[in-house]
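Just below is one structure, and these are the notes that go with it.
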Amino acid sequence: MALDLARWQFGVITVYHFLFVPLTIGLSLLVAMMQTAWVRTGDERWLRMTKFWGKLFLINFAMGVVTGIVQEFQFGMNWSDYSRFVGDIFGAPLAIEGLLAFFLESTFLGLWIFGWGRLSPRVHLATIWLAAIGTVLSAYFILAANSWMQHPVGSVVNPVTGRAELTDFGAVLTNSTAVGAFTHTITAAFLSAGMFMLGISAWHLARKNETRVFRSSLRMALVTVLVAGVGVVVTGDLQAKLMTEQQPMKMAAAEALWTTSSPASFSLFTIGSLDGSQEVWSVRVPKVLSFMATGDPEGTVEGINDVQRDSEARFGPGDYTPNVPIAYWTFRVMVGFGALALLVALAGAWLQRGGRVPASRWFTYAALAGIGFPVVANSVGWIFTEMGRQPWVVYGTLRTADGVSPSVGPASVATSMIVFTLLYGVLAVVEVTLLVRYARKGPDPLPPPDEAAPSEDAPRPLAVAY
Amino acid sequence: MFGLALTDIWFLLIALLWTGYFVLEGFDFGVGALLGVLGRDETDRRRVVNTIGPLWDGNEVWLIVAGGATFAAFPEWYASLFSGFYLALLIVLVALIGRGVAFEYRGKVDDDRWRRRWDAVIIGCSAVPALLWGVAFANIVAGVPLDADHEYTGTFVTLLTPYALLGGLTTLLVFLVHGAVFVSLKTDGDLRLRAHRLALRLGLVAVPVAGGFLVWTQLAHGKGWTLVSVALAAGALVGAVLLVGRGREGWAFTLTAVTIVATTVTLFGSLYPDVLPSSTDPAGTLTTTNAASTPYTLGIMTWVALAVTPIVLAYQAWSYWVFRRRLTRDDIPAATGLPPREPVVRQ
């Protein structure tokens, strides 16, 4: 009971946190680029873009920061036995993330927000870049920690203490799984930020608001989405091959492939029996799964029953199969919504060719809906990654059921679950309302330039304040 | 390394991180909690909030790093503490979420009702963790019921002992004084004078409460040398209260910071070499050795900390330097928030 509640809570809190993270990472870098363009060219259009997208970025950033604190605390709160088991390895990247990345991000973002008019343009530009670098660094360290859970390297389990111990920190940081997860996550973050900009820009362009600002924004968004989209596909492919090798059960569950096949087909759509173990009807593409998983269209992909048998031989009797329908559908929804986002961007690229302004109603609606596509793909992607690893919390090493806090009863977990759900629900409404209203309002006019430099003691308010 | 055991180095570093957290977030908790008392009109409320505007988020990272460092260096401590203090930490988390969002969002809509709501969030969500951190650390020093597996066997109410509540009142009052002194240091005119008077009045309550807590700590848990830090903490607090009344805010703020440093040193000094004593089963007590990670992990972490911490301190100090100026009423720009309601005209 406490275990199920703790798992639900981890899912709710983590998916919620990750609604904001990709936008933070992607937008911080895109805003830094806009400001760079402004400092380089002096073109006011870039300054207005920096301020407009910067404001939306900050509304989103606040939520990412405050929900991030919960992430660090909940390992100890709900998963104390997990923390005892993995602390020697998992704690280090977490601590380094704070020291190296969060200080950088928070301090320099404070300087960026309040530094307008106080810092020289170049120093002020440097602050947003440093904050953006902080967001990317934090992604690397937390993904290295998560990747160790997917593919534990550089560590042994000490038979005396029964705990995992670090033997090679370099191996944890250069884990192939971490490289795959990091590149996939960062490209997905750019794709998310690009779709966010695309939707809002398309909406304003359809109304002929601030055409100069939003045409540039649209083009920047389209380039971002198309480049990032290629990156997402390439890194996703890399990850699929790593997953086949490192977590064959997850790959088999993603396809609901019960028996080992060579070549294996990929189903676009399946209707199965209620427990997911029998296929009733499906639409299949031959050899695609073999190619995705191994790079060879004739390659062998292990089936769930075979991995289950192997796992029983290795780890003893037990159920080593994750929830197959969830793995199967989250995988498809992730790929599908990622592809839909790319389609919207391709349509946008076509509609704005040769200086045209895309004004068709259906494109505006598609672009607005498109803001949500990467959000869905990101969320189900993580649900797939984490649920596809079950019953393990550290793959092949520690079961999720053995990680939960023994001293925390179901009443406590239920209390925190209710509190967080209510709080997060209210904050989501506030945040989305603010984002929508500020997005609709469009960029502010620039303040009139300081004429004839006022004397030193004349009152001159701060450029930015809470 | 340096003639110290790695486990001792990490005990010191974690003490340092908590000290930094309490000194820095201590004043922004105080400033937030006093927002209603000090801010008589909207311009002054914005002045109060803006004294900590660029700083509070960087201050809070000290907590994140303290938590992460505890996880990495003393996993058993992290696991027992965070699962044991479950509901207390839940309240702290809710408060930190509330105030963080409130700072960012209070000015986003130009509407008095909107701002009043967020102000209430800032005040409550600053005062509550200021109190709870004292309760938590008093419990850590005094010990909590832990079984032989280092699992907490008490409830939330177990944590509310008289000693712990006195510890909570101490951090709350000291942070309030620290925050009031900070406002007087960063503003001018009438607001500055009101902050003086408030610091003085709060100080008169804080001195006996903090003094009582420090003496209790020394008598029940202290070591010989912690007498020095107890005396320093109490003396600095008295000095701060005396100086703030004479307009010497810089010195007063230094002294409230010294009070917080010396109090934290007293607590960690009294705790050492335990990190979480068991009040029920001596076998359950966690120490710097039985809670620690392997020497390999601690060694790597030590090098990272040595390389990165000076850089962090340098740029964070620089950010304080950039925002060193006092905020006058003329500094506060016109409100830039959205109008209260959605525009009626739609396209």
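Bear in mind these aren't lab numbers, they're just calculated from the coordinates by the rules spelled out. These numbers were taken from a predicted model, which means no experiment stands behind them. Heads up, the Cβs are rebuilt from the backbone with ideal geometry, glycines too, and the neighbour counts pull from every protein chain shown.
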Which aspartates and glutamates, if any, have their Cα less than 19 Å from the Cα of B:Lys223, not counting same-chain residues under 8 positions apart? B:Asp8, B:Asp274
Once the in-chain neighbours fewer than 8 apart are removed, the lysines whose Cα is under 29 Å from B:Lys186 read A:Lys51, A:Lys55, B:Lys108
Can you list residues from other chains, or at least 5 along the same chain, whose modelled amide H is less than 5 Å from the amide H of A:Phe266? A:Val285, A:Lys287, A:Val288, A:Leu289
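Report the gain in length on full extension from A:Ile271 to A:Leu346: 0.36 nm times residue separation, minus Cα-Cα distance, nm rounded to one decimal. Please report the intermediate quantities before stating the final value.
Working: separation 75, 0.36 × 75 = 27.00 nm, distance 3.11 nm.
Residue separation times 0.36 nm, minus the Cα-Cα distance, leaves 23.9 nm.
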Pair B:Asp330, A:Ala313: separation of 7 Å Cα→Cβ label points (nm): 8.4
What is the angle, in °, between the Cα long axis of helix A:176-206 and the longest principal axis of the Cα atoms in chain A? Nearest 10 is fine, range 0 to 90. 40
Starting from 0 in steps of 5 Å, tell me what percent of the Cα-Cα pairs of region A:187-342 lands in each bin. 2, 9, 15, 17, 15, 11, 9, 7, 6, 5, 3, 1, 1, 0
Where the Cα atoms of region A:104-199 are projected onto their three principal axes, how long is each span, largest first, in whole Å? 60, 31, 17
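To the nearest 0.05, what FRET efficiency results for A:Arg353 and A:Thr167 with a Förster distance of 45 Å applied to their C-beta separation? Show your work: numbers first, answer last.
Numbers: r = 56 Å, r/R0 = 1.24.
FRET efficiency, A:Arg353 to A:Thr167: 0.20.
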FRET efficiency for A:Val419 and A:Arg460, using Cβ-Cβ distance with R0 set to 60 Å, rounded to 0.05: 0.85
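Under the definition of Cα pairs under 8 Å and six or more residues apart, what whole-number percent is the relative contact order of chain A?
Values: 688 pairs, mean separation 96.2, N = 466.
Value for chain A: 21 percent.
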Calculate, in whole percent, how much of the Cα-Cα pair population of the protein assembly as shown lies beyond 39 Å. 41
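Show me the three semi-axes of the equivalent ellipsoid for region A:308-421, from the C-alpha gyration tensor (sqrt of 5 times each eigenvalue), largest first, rounded to whole Å.
Working: eigenvalues 362, 84, 16 Å².
In descending order the semi-axes read 43, 21, 9 Å.
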Once the Cβ-Cβ distance between A:Val230 and A:Leu3 is put in as r, and R0 is 56 Å, what FRET efficiency do you end up with, to the nearest 0.05? 0.85
Tell me, what HN-Hα J-couplings in whole Hz come from the Karplus equation 6.51 cos²θ - 1.76 cosθ + 1.60 at θ = phi - 60° for each residue of region B:99-112, using x for Gly and Pro? 6, x, 5, 4, 4, 6, 9, 4, x, 7, 10, 8, 8, 4
Amide H contacts under 5 Å for A:Leu398, restricted to residues at least 5 apart in sequence or on another chain and with H modeled in the peptide plane, are A:Val393
How big, on average over all directions, is the shadow cast by the Cα convex hull of chain A, in nm²? 25.9
List the extent of the Cα atoms of chain B along each of their three principal axes, largest first, rounded to whole Å. 68, 55, 42
If each of B:Trp225 and B:Asp111 carries a label point 7 Å out from its Cα toward its Cβ, how far apart are those two points in nm? 5.8
Apply the Karplus parameterisation 6.51 cos²θ - 1.76 cosθ + 1.60, with θ equal to phi minus 60°, to every residue of region A:295-300 and state each ³J(HN,Hα) to the nearest whole Hz, in sequence, with x for glycine and proline. x, 10, x, 9, x, 8
Overall dimensions of region A:248-321 as given by Cα atoms, namely Rg and Dmax in Å: 12.6, 36
Please report the spacing between the Cα centers of region B:197-252 and region A:180-202 in Å, no decimals. 52
Reach of A:Lys287 by Cα under 28 Å, taken over lysines that are not fewer than 8 positions away in the same chain: A:Lys241, A:Lys250
Run the simple label-point estimate for A:Asn158 and A:Arg437 please: 7 Å along Cα→C-beta, distance reported in nm. 5.5
Cα centroid of region A:228-294 to Cα centroid of region A:61-108, whole Å: 33
For A:Lys55, A:Lys241, A:Lys208, order by how many other beta-carbon atoms lie within 10 Å, fewest first: A:Lys208, A:Lys241, A:Lys55
